[in-house]
Amino acid sequence: MGKILVIDDDAAIRSNIAELLGAEGHEVTVAANGAIGVRLASSGSPDLVVCDVGMPELDGHGVLRALRAKPTTRDIPFIFLTAKSERADIRAGMNLGADDYLTKPFSRVELLEAISARLARRGVAQPAPKKAGPAALTLGPGDVFDRYRIEASVGSGGMGIVFRAHDSKLDRLVALKVLQPKQIYLAPSLEKASAQLVAEARAAAKLSHPHVIAIYDVGSVDDVPFLAMEFVVGATLRAKARAPWQQKLEWLVEVADALSAAHRAGLIHRDVKPENVMVRADGRALVLDFGIARFMQGDSATVSSGGGKSLVKGTPFYMSPEQLFGEPVDARSDQFAWAVMAYELFAGELPWGDSDGAIAVVKAITQTDAPPLAPLAPELPASVVRVVERALAKAPDDRFPSMEAVLAELAPNRASRASYTSEALPAATGAASPVAPTDPAVVPTRSDVELADTEPVVVTPLEPQVVRPARTWLLVVVAAALVVVAAACFLALR
């Protein structure tokens, strides 16, 4: 059993690593910043240090320099665990004397293997190896899993891998989500991840709605849980940036209708974002991925990790202020996320930009007003702008009381589908839910995060590649204005 010191300013990652290593039999000490880490390493003589790089005050490089400078700590094995993945970053870390360098996101297996190798070289007794169990499961085309014959892998998500599969019993295509423990980012236990997958199935199955993806089956094979759901040919909402505003509004109304139904059933989605909305080939929007949904208790919903610690899950750019701070949330938190998605879809950019780093994201969402939507999307009716901007209010009481109220405000602006569905709409890409298609307009999915206590910390998100709506009409207006001015000057000179 090894004594391991984990240094990371991200409370969620720090907690998950400690839980994972503790489950493996190691004695774990944690530090929330570099300065504390150096003190603990000096006084506690750990067998190994696992350290982040990007931390305030004293970063990971400073920690390593400090430890290597002291005779009592200079020989302690040191592993960097960071989102800095460029070759120059890795070379800099190794040149400072690091023993290994892992980049986020990383798997449970990667981390345990790196730690085991360093402890073995130090002569530290290792915990007894655990049975490989279901983590070794691999599936490929032609394999049979329960009653489902695998046709192809269509992508992966936070909980596992999604396959296109054929249901031999009902003779239909399904999207089969299979839990893959070794692919789950720092999942400390199979039981916890399995329970989350089952929770997703039960949450979505309680909703029978035309704009919520259908759940067909849930079960397990050799202790490996799976979820069978509707196979959707289409694209994510993010791929529809070039659609007319009327069509975008129709999709947003359909999403709002689905969320309204969920809220009436007492369910909060908690991760509303463009990647969790699929647009089918027939143009209908479907809400999916209820993997972190929770049932409301009274007027709010609180979430617990099972050990008494409050957790916040979701995608930071779409989180409401109360969700970021780990406070109780209700249906109005979904409304806020819906409004962020609506703003981005109409304006071509997020309301608060693409801040890089936990503090910047939280500060922008909780303290800074979003730029007015009208100048960025002048084609929108003023009534639609007012709905989106009110739903973006920082205080829940300043938003609409429900999604039904949002729908009522938007109803007068809905046009007939025939008036805007034309060649302007991109063709379906053939992607299956819940994986985004390989469309040039698709922005990579921003990282989901798990935030512990009330510390709003974000696992480094991917840099979005925003596709702005066309501004051709604006150029025409400017050109016309110039012609008028030129004519007036000509007449004045005569």
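The values are calculated or read from the model by the stated rules, or taken from the named source; none is laboratory data. The shown structure was predicted, so the numbers you read here are calculated from the model rather than taken from an experiment. Glycine gets a Cβ as well: all are built from the backbone with ideal geometry, and neighbour counts include every protein chain shown.
Summary of computed values
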| item | result |
| --- | --- |
| Within segment 14-39, considering residues that are aliphatic (A, V, I, L, M) and under 18 Å from residue 98 (Cβ atoms), the one nearest to the chain's Cα centre (by Cα) | 17 |
| Enumeration of residues in segment 46-55 that are aliphatic (A, V, I, L, M) and in a loop (DSSP other than H, G, I, E, B) | 53, 55 |
| Residue within segment 56-74 that is part of a helix (DSSP H, G or I) and hydroxyl-bearing (Ser, Thr, Tyr) present | no |
| Which listed residue, of 85, 43, is closer than 18 Å to residue 2 by Cβ, surrounded by fewer than 21 Cβ atoms within 10 Å (Cβ to Cβ) and out of contact with any Phe, Trp or Tyr (no Cβ under 6 Å at 6 or more places or on another chain) | 43 |
| Failed item in (1) in contact with a Leu (Cβ under 9 Å, 6 or more places away or on another chain); (2) over 24 Å from residue 113 (Cβ atoms), with residue 13 passing the rest | (2) |
| One residue from 264, 270, 280 being over 30 Å from residue 144 (Cβ atoms) and surrounded by fewer than 18 Cβ atoms within 10 Å (Cβ to Cβ) | 264 |
| Filter result (small (Gly, Ala, Ser), at pLDDT below 95 and assigned to a loop (DSSP other than H, G, I, E, B)) within segment 396-430 | 415, 416, 422, 424, 427, 428, 430 |
| Single residue of segment 374-417 satisfying the filter (among the basic types (Lys, Arg) and free of Cβ contacts under 8 Å to residues at least 60 places away in the same chain) that is nearest to residue 352 (Cα to Cα) | 390 |
| So residue 177, is it buried (at least 21 other Cβ atoms within 10 Å of the Cβ), modelled with pLDDT of 70 or more and touching a Gly at 6+ places or on another chain (Cβ under 8 Å) | yes |
